[in-house]
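Step one of this worksheet: look at the structure below.
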Amino acid sequence: ATVPANFVIASHDGTTARLTVCVAGVYTEKISSAVAYSAGAYVEIRRLAGTNTYQLWYAGAQVGADQTIADATVISNTLAGMFQTYAGNTLAAFSCVPS
């Protein structure tokens with residue numbers, strides 16, 4: 001939890017929505033798609049129940065194609081939370097909902 005090295009992260013930088021996987025500290029972009037910013041929109045990662053299929057959602061719509069992420073160090077994770085590397089960012093909400 002204090003030194004994350006294996007995870008999936010979703011982000012939107014004001015222009016582009018991204019789904020990125022990090023394995024052993026190495027980041028690989030799975031989805032990178034231009035999507036217009038929408039105030040109050042949610043960035044979501046959805047993992048289809050019982051599968052290793054991940055989806056990126058922004059503002060209630062799927063962005064990009066389904067992605068298979070099968071790295072054992074990622075799919076067996078049990079922690080979820082907010083992650084940021086810039087102290088100037090603000091996060092208004094976070095939720096984790098089982099599928």
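Quick notes
- Normalising the average separation of contacting C-alpha pairs (under 8 angstrom, six or more residues apart) by the number of residues puts the relative contact order of the chain at 20 percent.
- Chain lengthening between D66 and D13 when straightened (0.36 nm per residue, less Cα-Cα): 17.0 nm
- Two-site label geometry, T2 and A34: point separation in nm, points 7 Å out along Cα→Cβ: 4.4
- Accessible area per residue, Å², the chain with all protein chains present, probe 1.4 Å: 66
- Accessible area per residue was computed with a 1.4 Å probe on protein heavy atoms; L91 scores about 90 Å².
- Magnitude of the charge dipole, the chain, Cβ model with Lys/Arg +1 and Asp/Glu -1, debye to 20: 80
- Between N77 and F94, the simple label model (points 7 Å from Cα in the Cβ direction) yields a spacing of 1.1 nm.
- At the residue level, S11 shows approximately 50 square angstrom of accessible surface with a 1.4 angstrom probe and all protein chains present.
- From helices alone, the chain scores -500 deg cm²/dmol at 222 nm; the rule is -39500 (n - 2.57) for each run of n ≥ 4 DSSP H residues, then divide by the residue total.
- Expressed as a whole percent, the accessible area of the chain that falls on carbon and sulfur atoms is 54 (1.4 Å probe).
The values are calculated or read from the model by the stated rules, or taken from the named source; none is laboratory data. Just so it is clear, the structure is predicted and the values come from calculations on it, not from any experiment. Cβ sites come from the backbone with ideal geometry, for glycine too, and all protein chains shown count toward neighbours. Please note that ligands, DNA and RNA were not included when accessible areas were found on the heavy atoms of the full protein model with its side chains. Shrake-Rupley method; radii C 1.70, N 1.55, O 1.52, S 1.80 Å.
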